[in-house]
Amino acid sequence: MNEFSRRGFLGLAGAAGVAGLAACAGTGTSPTTGGGGGSSNTIEFWSNHPGNSKPVEQEIIKAFEAANSGLKVKLVDAGKNYEEVAQKFNASLAGGSLPDVVVVSDVTWFNFALNKQLSPLDDLLSSAKIETSDYVDALYNDYNLDDKHYALPYSRSTPLFYYNKDLWKAAGLEDRGPKDWDEFLTWAPKLKAAAGSDKIVMELPDGSNYLDWVFQNMVWGYGGAYSKEWTPTFSDPNTVKAGTYLQNLAKDGYLKLSKDPAPDFTAGIVACSMMSTGSLGGVAKDAKFPVGTAFLPGDGNCPTGGAGVGIPATISDDRKKNALKFIEFLTNAQNTVTFTQATGYMPVRKSAVDLPEEKAFLEKNPNAKTAIEQLPKTRSQDNARVLLPGGGARIGKGLDQIVQGQDVATVFKGLDAESQQVFDSQIKSKLGA
Amino acid sequence: MQSSVTQPQSATPGSGGPPPEVGPPPRRSSGRAWEWSLAALLLLPNLLLLIVFTYRPLLDNIRLSFTDWNISSPIANPVGLSNYIEWFGRDDTKIIVRNTLVFTIATVGISMAVGLGLALLLDQKLRGRNLVRSIVFAPFVISGAAIGIAFQFVFDPQFGLVRDLLARIGVASPDFYQEPGWALFMVTVTYIWKNLGYTFVIYLAALQGRRADLDEAAEIDGATAWTRFRRVLMPQLRPTTFFLSITVLLSSVQVFDIINVMTRGGPQGNGTTTLVYQVYQETFVNQRAGYGATVATIMFVILLVVTVVQVRFMDRGKQA
Amino acid sequence: MSTPTIVGSLDDEQLPQTARRGRRRRASHHAEASTHHRGPLWTAAGYAGMVLVVLVIAVPLFWILLTSFKERGDIYVRPAQWWPDPVTGQNYRELTTRIPFFDYVRNSVIITSATSVAKIVLGVISAYALSLLRFPGRSVVFLVVIAALMVPNQITVISNYALVAQLGWRNTFQGIIIPLAGVAFGTFLMRNQFLSLPGEIIEAARLDGAGPMKLLWRVVMPMSWPTLVAFALITVVNEWNEYLWPFLMSDDESTAPLPVGLTFLQNNDGVTNWGPVMAGTVLAMLPILVLFLFLQRQMIKGLTAGAVKS
């Protein structure tokens, strides 16, 4: 094979660079941290502090250090969102200085796993005698590739159906979410009449802001899917039906897309939306009307989302062992409760809901309860969105076009072709390798 | 070799003053080797930094543009020209190039013209001009990311200033975030607003340093304001205009922050995607770093050609 | 003064006569030109123009400022709220308590001043070499310098990260500063400026026996003051706002500058409270605006000072 190592090349280039640098370096040299080797008793945790969670993360780290003398955790600000963490992790893959634990999102983990940059955790887990059956199944299995798991769930969210109870009442609707999207269609005219011309019946995020995530619910509700395993199924009649439904909602003036529906919803000018459970705290705090939450329409049609934590593949076994110890601690029942209560994410452990502090919390927060009760009904997302490179953006673009009135069948046919082409050229040869 | 390169062709004899004393040492004969080494000494640190931190990565990038490198992979397989062939054949290339052209031409043209206008205005002795100068400069100071967020309050179809102002005269606001044409308009306006401070400051500095004696001579000749502007001022500002036309163009083409914060290249996938945004998108989102490197290389070559043409144009203008 | 004129201390009295004359004339005439031909109509148009500028440019700025004093629930309301009611300082308090704001400020000051000084010095001496010294391949070197402006940083960061990490400079100031210190823009700007200086003055100074460094400091630089100030201002602004590279290099508030720090006020999966973000934007802008007010006065002073002296 005519392959050559990128790292080798960079190493050479780097050495040449150092020689050149020596001439002009020397401005304020301060003690430097270790390079690629890393220290085996300091665990570097690269996080974007999902949901403004830095204080909670620090709290959990402190507890971990108290329970494991000799181990230190260094919390690194690795980005403002999942994309930036991935960017920084990619940079470190090219140049050494790897973290021990890194946050990877539902979209970003796969490429790292596929390119053998994340450790499969199964052997590590079994040799550390960590029981995985307590993790919520759908969340745990999200990180499955070729029967190996490459991350453990951490900051996990799902979409939730949010509605404005005042507008619901004005439209004479029952105080609940729609059973399915067909029922919603019978509600929409009433909502529109009640809301008036300057308000919006339903607002969803646009294709650049994860419409493709929440739309999976509609697709599944009509029996379609973006893909079955690796085969794209956009042209499936049921998927097209869902696309047409979305388009008609827009055509009839019931649906608007925006960069971020949360402010419009909390301002009371939107009757309902599908947004992340992560928005729950903020929306509840800002809204000047009673906020209702419900399961997404349909049964078992709620996509999972959010992020997990993984371990780089090429660090030493000692570091991996310590990293896993930390991950286990970070996501144990007690800490997942602490973390999720502070942020609005979902507890990732089944036993978490039995803890007294979680029971008390849910008692006081009925909307959070909706989200947690929905959790067992969640479904892992379609490969075409989360595992194909650029899948989210590709589908989002198509959905934007549909909402703007382009022909559904044509747009979806294009998505089929593009997705297949991306799979063939970027994934196929690496699977099972 | 010419003996005195620094003497511009246009050098006029000192205006009536006695001729300068003749310098004592014969510098010119010994000057050369000595001048070379001084030049090397002065240029070396900067060149080294540019070579190590700009050109080394650029060469690496050009090499990677001929591979299928996945951003997370340790391995890059050579694929010959196929990335280049793909770029020229792909549907979205046309849209992205068009976006880049529209954005760049608008930002270069408008921000230079308005920047010059503002500099001329605020070069006058007017009360409060220091404050107004600061206001013009202020947007340039805010980071692109913060501007993107702030302008959400200008263009938001529900809460924005534009909507508010249009509503007062009974006009409905377009949805700047969802309609590709308006979205491109929005990022262009935002970018121009932010970067006016740059063209303004450079033009202002040039006006402060200009040779006002020429102005006066023209005035005595009884030329009109417009003629003075065209015949006297603009030729003097020519090097500045040339400089700005290149630097504004290069920085406009590389706009990233504002697009990333405002539209992420959308709506409809590539409504506001420009070449640099495509580099980012392909490299870090689609993980096709090899293809991203191809786009970056193509962009570099285009910019190099455009700049060389600009320099030529400038030189020809000088001789005319 | 009794210093021999050959390489004598070239202070203002001893400037070659043409140089002195040229400078005085330009400076005084410029000041005159600004006041000269202004009828009342021109003045009125000038003020009208200023009002227009303020309206168009300042309104979004004003909006940022207003938002920073609004309560969370008042930021997104319809119709838009043109004056905060009630005015609150809560966002500024939150800004300084939720993130280590002053650590980020300190880092920004260190990174910006070190990088700017390096860039200004390197820019001036490179431009001097490229405009007033004679050596073979000068235009090639110049092209190499400005072509660096055509390389987007999205493609340089990964490779530079590798290099700097191997040096063990991650999360250090030198790791952030040195890769940013090369200067293409400033070299271009200052070269342009130096070339536009009247050749007779330079030549006269040379013939008068000024060595190359003296020529730079005593003749070329004083005549280039406005452009140098513009160069400094733009460099400071760019370094102050630098995001991508410092973000990749820094681990936490020990080295991260403000633009990186302010992003941690945003909620990446939920509802962001924009009040503190706007407060941070306002505070990040202030020091640079103060610097601008100070420097833009210098821009004019540089010229008039020469005129007064002679």
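The values are calculated or read from the model by the stated rules, or taken from the named source; none is laboratory data. All values reported here derive from a predicted model rather than from experimental measurement. Cβ: placed from backbone, ideal geometry, glycine included. Neighbour counts: every protein chain shown. Calculation scope for accessible area: heavy atoms of the full protein, side chains included, ligands and nucleic acids excluded. Shrake-Rupley method; radii C 1.70, N 1.55, O 1.52, S 1.80 Å.
Things worth noting here:
- With the convex hull drawn over the C-alpha atoms of region C:40-88, the volume per residue is 86 Å³.
- Label-to-label distance, residue A:146 versus residue B:102, with points set 7 angstrom from Cα along the beta-carbon direction: 4.5 nm.
- Estimated inter-spin distance, residue A:231 and residue B:131, nm [label 7 Å along Cα→Cβ]: 7.2
- Remark: mean inter-chain Cβ contacts per residue of B:265-276 equal 5, using a 10 Å Cβ-Cβ cutoff to other protein chain atoms.
- Shielding value for C:251-264 is 4, the average number of Cβ atoms from other chains within 10 Å of each residue's Cβ.
- Residue pairs, from the table A:169/A:199; A:199/A:288; A:129/A:377; A:285/A:350, whose Cα atoms sit over 19 Å apart: A:129/A:377; A:285/A:350
- Modelled FRET efficiency - R0 51 Å, residue A:42 with residue C:298, Cβ distances, 0.05 increments: 0.60
- Take the accessible area of B alone and of C alone, subtract that of the pair with a 1.4 Å probe, and the total buried over both chains is about 10600 Å².
- Selected from C:157, C:167, C:187, residue furthest toward positive end of dipole (region C:99-309; charges at beta carbon): C:187
- Over the protein assembly as shown, the Kirkwood radius and the radius of gyration, each from Cα atoms, give a ratio Rg/Rh of 1.00.
- Fully extending the segment from residue A:128 to residue A:342 would add 74.1 nm, taking 0.36 nm per residue of separation and subtracting the current Cα-Cα distance.
- As a rough guide to protection, the peptides C:279-285, A:41-47 ranked by mean Cβ packing within 10 Å, highest first, stand as C:279-285, A:41-47.
- Average beta-carbon neighbours from other chains, 10 Å sphere, peptide C:223-234: 5
- Over the protein assembly as shown, dividing the summed -39,500 (n - 2.57) contributions of all DSSP H runs of at least 4 residues by the number of residues returns a 222 nm mean residue ellipticity of -18000 deg cm²/dmol.
- In the context of the full protein assembly, residue A:83 retains an accessible surface of approximately 60 Å², using a probe radius of 1.4 Å and ignoring ligands and nucleic acids.
- Each Lys and Arg contributes +1 and each Asp and Glu -1, all at the Cβ; summed about the Cα centre of the protein assembly as shown, the dipole is approximately 3720 debye.
- Computed lengthening from residue A:354 to residue A:407, 0.36 nm per intervening residue step minus Cα-Cα distance: 14.2 nm
- In a fully extended conformation the segment linking residue B:227 and residue B:36 would gain 64.4 nm over its present Cα-Cα distance, using 0.36 nm per residue.
- At an R0 of 25 angstrom, the distance between the Cβ atoms of residue B:77 and residue A:81 translates into a FRET efficiency of 0.20.
- Rounded to 5, percent antiparallel among DSSP beta bridges of the protein assembly as shown: 65
- Qualifying lysines (Cα of each under 22 Å from Cα of residue A:241; at least 8 residues distant if same chain): A:179, A:228, A:251, A:256, A:397, A:413
- Residues of region B:153-188 whose accessible area (probe 1.4 Å, heavy atoms of protein chains only) drops by at least 50 Å² once all protein chains are present, relative to their chain alone: B:153, B:158, B:159, B:161, B:164, B:178.
- On a per residue basis, the convex hull of the C-alpha atoms belonging to chain B measures out at 219 Å³.
- Using a probe radius of 1.4 angstrom, the carbon and sulfur fraction of the accessible surface of the protein assembly as shown is 61%.
- Too-long pairs where the Cα-Cα distance tops 31 Å, listed order kept, from A:88/A:364; A:62/A:369; A:88/A:369: A:88/A:364; A:88/A:369
- The label point for residue C:93 and the one for residue C:59, both projected 7 Å from the Cα toward the Cβ, are 3.4 nm apart.
- Between C and A, roughly 3800 Å² of accessible area is buried in total, ligands, DNA and RNA not counted and the probe set to 1.4 Å.
- Cβ crowding within 10 Å averaged over residues, with B:51-63, A:309-321 ranked highest first: B:51-63, A:309-321
- Listed by chain and number, the aspartates and glutamates placed with their C-alpha closer than 17 angstrom to that of residue A:359 are A:373; residues fewer than eight positions away on the same chain are left out.
- Put simply, when C:230-238, A:201-209 are sorted by average Cβ atoms within 10 angstrom per residue, most first, you get A:201-209, C:230-238.
- Kirkwood Rh in Å, taken over all unlike Cα pairs in region A:284-426: 18.8
- For the protein assembly as shown, the per residue solvent-accessible surface stands at 38 Å², with DNA, RNA and ligands left out and a 1.4 Å probe.
- Kirkwood Rh in Å, taken over chain A so that all alpha-carbon pairs contribute: 23.2
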